[in-house]
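S.K.: Take this structure, written in structure tokens, and hold onto it; I'll ask about it next.
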Amino acid sequence: MSLNIIQGFKFNRKNTVLHSFDPRAKLVYIVSVLILSLIFSELCPMLIIFVSTILLIIVAKAVNEWLKSIKGSFIIVLMIFMLNYFLLPAENALSLSISLALRFLTIISAFSIFFMTTYPENFALALIKLKVPYDHALAFTMALRFIPTLAKEAQTIIDAQRSRGLELESGNFIIRIKRFTPVFIPLFINSFRRASQIAEAMESRAFGYSNKRSYLHELSFTTYDTLFTLLCIILTSLGLCIKFYLGYSETLVLARPWP
Amino acid sequence: MSPIIEALNLSFRYAGEERWAIKSINLKIYPGELVLITGPSGCGKTTLCRCFNGLIPHFYEGELEGILIVDGLSIVENKTCKLAQRVGMVFQNLENQLIMLSVEDEIAFGLENLNLPRDTIKERINEVLSILGIEHLRYKSPYELSGGEQQKVAIAACLAMKPKILVLDEPTAHLDPLSSKVLFDILSSIRKRLNLTIILVEHRLDMVASIVDKVIVMDKGQIILQGGPREVFTTPIIKAIGIGIPKLILLYEDLLLNNLKLDFPPLNINEAELLLRKLLSR
Ligand SMILES: Nc1ncnc2c1ncn2[C@@H]1O[C@H](COP(=O)(O)OP(=O)(O)OP(=O)(O)O)[C@@H](O)[C@H]1O
Ligand SMILES: [Mg+2]
């Protein structure tokens, strides 16, 4: 299950409009989705936002990966729905719990769009353009790079400890966490050695040679990026207006055809 | 011709250790040579390699004595990041030297550090990808690659910086025999093409004996033998150290004990066949 969730967050090299967008434009999009889906809890606007993310996923040609991710997180969605449905005292508990589950789905889908269509190196570049120091951006890239390596290593250690009789599956939450200690410790110690070897390799490739550095990739904020960003901002402002100025139910009344 | 690497009484002791990891190393390596360094585990091969690009004394702390001049630069006065343009280093651990998310970026990393213009970076990426025949891996992630492929990427990333010297520390430790053979073929072809000086730490002597110009045998931090491969491998004291002497050399010595003398110690199958035919026709 855990690996499937990652599917929807891995960059996939395709040629779509979304892939060509500047990461900064897509960051604006994420923020918009976050704002919109957090201010509304009604079913109808939530559905609209959700459908819009799905449309973008179709545009990004990433439906399969996204579905895998969603399948992987299905249990969480179900839990959100059930907990709310049974615990909320409200009379519209059903529609509310559906929209809360949708909110979760929408937010992870928005992030998934970002990560699936943004080449990580460009994300690092965007961070640098946003005045994040290069070292931090590099640390981010490297963290992404070493996730699969660490996952593989963790699995090796788990297998090794299991073969020596370590039981990981049974017991309650606390007990399980405790039982993972013999997995964490070697993982932890190994990462020190790894960090040192990585640093050594980086210096051997002239890291720290000069204060200036050049970049293979370049970011360009095109007209399309501007349009996309504007669209996000306008829609978000519209949402904020409806929520805090017009009032959601009044807007509904306004939108209803006059008799 | 003057040596490209010259060590005079070079010794190094890691901080907090009592023993010298390498002791009184004297060597001369000439431009274009392919030099093999071998010796039992813990004899100081990796430590010596770390000296060649200044990781010792700049990255590893400790006590350094003697002199090491690499391509005209003293390792004491020049940091690793400066020496990087002259000495490329391929480490034993394959994965921890590949730090970026794609092969292309991996190769670009060193060039970006050197602040080279974008066009040059692109040119060099294409160049090294084609030299190593890995154009198809360009957009792959390092963790999607096999050991042999990772090795080629690590070499490509070094070569892109156009070093004069390439140091490889046990490059085949994680490779199967076939990929190792491929690697050695690549090394012997690029050394001529790029005019490289190559220093190779290796245990698989059978496979490399015929491509190296010089062999350096180390034991307990010291160099105990150095010279041409035929000469070094047939020196009697080499048997006492515990390194895997090439089988063809063993065959040569066995025949010698039985009063069958080949003209010279063979280093590869072709040579051995030729010499044996000659012996039989006598
Ligand atoms: N970072 C370090 N700190 C302290 N001591 C070290 C360090 N690295 C190596 N040593 C010690 O220096 C000596 C030489 O080690 P080195 O790694 O150079 O040997 P090696 O010939 O490369 O061995 P191997 O074939 O196992 O790779 C060993 O005694 C080792 O314990
Ligand atoms: Mg070593």
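S.K.: Efficiency by 1/(1 + (r/R0)^6): what FRET value for residue A:134 and residue B:270, r their Cβ-Cβ distance, R0 = 41 Å, to the nearest 0.05?
M.R.: Efficiency, from the Cβ-Cβ distance: 0.20.
S.K.: So, R0 is 41 Å and r is the distance between the beta-carbons of residue B:77 and residue A:78; what FRET efficiency does that work out to, to 0.05?
M.R.: Efficiency, rounded to the nearest 0.05: 0.05.
S.K.: I would also like to ask the following. The protein assembly as shown: Rg/Rh from Cα coordinates, Kirkwood Rh?
M.R.: Computed over Cα atoms, the ratio is 1.10.
S.K.: Quick one: divide the alpha-carbon radius of gyration of region B:7-119 by 2.2 N^0.38 Å and tell me what you get.
M.R.: 1.18
S.K.: Say each of residue A:210 and residue A:44 gets a label point 7 Å from the Cα, pointing the same way as Cα to Cβ; how far apart are those two points in nm?
M.R.: 6.1
S.K.: For region A:14-95, report the % of Cα-Cα distances exceeding 19 Å.
M.R.: Percentage above 19 Å: 53.
S.K.: Take every DSSP beta bridge whose two residues both sit in the protein assembly as shown, then give the antiparallel share in percent to the nearest 5.
M.R.: Here the antiparallel bridges make up roughly 55 percent for the protein assembly as shown.
S.K.: Right, another one. Just to be sure I understand: if you take the accessible area of chain A alone plus chain B alone and subtract the pair, with a 1.4 Å probe, what total do you get in Å², rounded to 100?
M.R.: Chain pair A/B: roughly 3700 Å² of buried accessible area.
S.K.: Now a separate question. Identify the residues of region B:157-179 with backbone N under 15 Å of a label point that sits 7 angstrom from the Cα of residue A:197 along the Cα-to-Cβ direction, or state none.
M.R.: Answer for this model: B:169-175.
S.K.: Counting only protein heavy atoms, probe 1.4 Å: which residues of region B:60-85 lose 10 Å² or more of accessible surface in the full assembly compared with their chain by itself?
M.R.: Residues of region B:60-85 that lose at least 10 Å² of accessible area once the other chains are added: B:60, B:80, B:81, B:82, B:84, B:85.
S.K.: Okay, next question. Loop only by DSSP, 14 or fewer other Cβ within 10 Å of the Cβ. Give me the trypsin sites (Lys or Arg not before Pro) in region A:142-237 that pass, ordered by residue number.
M.R.: Counting only loop positions with at most 14 other Cβ atoms within 10 Å, the trypsin sites (Lys or Arg not before Pro) in region A:142-237 are A:164, A:212.
S.K.: Calculate the mean, over all residues of peptide B:101-110, of how many other protein chain Cβ atoms lie within 10 angstrom of the residue's Cβ.
M.R.: Across the residues of B:101-110, the mean count of other-chain Cβ atoms within 10 Å is 5.
S.K.: OK, next. According to the Kirkwood expression over distinct Cα-Cα pairs, how big is the hydrodynamic radius of region A:124-219, in Å?
M.R.: So the Kirkwood estimate lands at 16.4 Å.
S.K.: Helix A:74-87: angle to the longest alpha-carbon principal axis of chain A, degrees 0 to 90, nearest 10?
M.R.: Taking the Cα atoms of chain A, the angle to A:74-87 is about 50 degrees.
S.K.: About its Cα centre, how strong a charge dipole does the protein assembly as shown have in debye, to the nearest 20, once Lys and Arg get +1 and Asp and Glu get -1 at the Cβ?
M.R.: That gives a dipole near 340 debye.
S.K.: If I compute solvent accessible area with a 1.4 Å probe over the protein chains, what percent of it on chain B is carbon and sulfur?
M.R.: 51
S.K.: Compute, for chain A, the length of the dipole vector about the Cα centre, with Cβ point charges of +1 (Lys, Arg) and -1 (Asp, Glu) only. Units Debye, rounded to 20.
M.R.: In total the dipole reaches around 540 debye.
S.K.: A follow-up question, please. Order A:220, A:170, A:99 by their accessible area, 1.4 angstrom probe, all chains in place, largest first.
M.R.: A:220, A:170, A:99
S.K.: Give the Rg/Rh ratio for region A:94-134, taking Rg as the radius of gyration of the Cα atoms and Rh as the Kirkwood radius, to two decimals.
M.R.: 1.27
S.K.: Which value, in debye to the nearest 20, describes the size of the charge dipole of chain B about its Cα centre when Lys and Arg Cβ atoms bear +1, Asp and Glu Cβ atoms bear -1, and nothing else is charged?
M.R.: So the dipole magnitude of chain B works out to roughly 660 debye.
S.K.: Return the calculated 222 nm mean residue ellipticity for chain A, to the nearest 500 deg cm²/dmol, obtained by summing -39500 (n - 2.57) across DSSP H runs with n ≥ 4 and dividing by the residue count.
M.R.: The helix contribution divided over chain A gives -24000 deg cm²/dmol.
S.K.: Another one. Taking the Kirkwood radius as the inverse of the mean 1/r across Cα pairs, report the Rg/Rh of chain B.
M.R.: 1.00
S.K.: Moving to a separate point now. Tabulate in residue order the Karplus-calculated ³J(HN,Hα) for region B:196-205, using 6.51 cos²θ - 1.76 cosθ + 1.60 with θ = phi - 60°, rounded to whole Hz; enter x for Gly and Pro.
M.R.: 8, 9, 10, 10, 10, 8, 7, 9, 7, 5
S.K.: State the number of lysine pairs found in region A:1-131 whose Cα atoms come within less than 30 Å, restricting to pairs 8 or more positions apart or on distinct chains.
M.R.: Lysine pairs meeting the criterion: 19.
S.K.: In region B:17-75, which GluC sites (Glu not before Pro) fall in coil by DSSP and have 12 or fewer other Cβ atoms within 10 Å?
M.R.: Answer by residue number: B:17, B:18, B:61.
S.K.: Considering only protein heavy atoms, what per residue accessible area in square angstrom results for region A:124-219 with a 1.4 angstrom probe?
M.R.: Ligands and nucleic acids excluded, the result is 61 Å² per residue.
S.K.: For a label point 7 Å from the Cα of residue B:8 along Cα→C-beta, name the residues of region B:64-101 whose backbone N is under 16 Å from it.
M.R.: Inside the label zone: B:65-77.
The values are calculated or read from the model by the stated rules, or taken from the named source; none is laboratory data. For clarity, every value in this text was computed on a predicted model and none was experimentally measured. Backbone-built Cβ (ideal geometry, glycine too); neighbour counts: all protein chains shown. The area values use the complete protein model at the heavy-atom level, side chains included, leaving out ligands, DNA and RNA. Shrake-Rupley method; radii C 1.70, N 1.55, O 1.52, S 1.80 Å.
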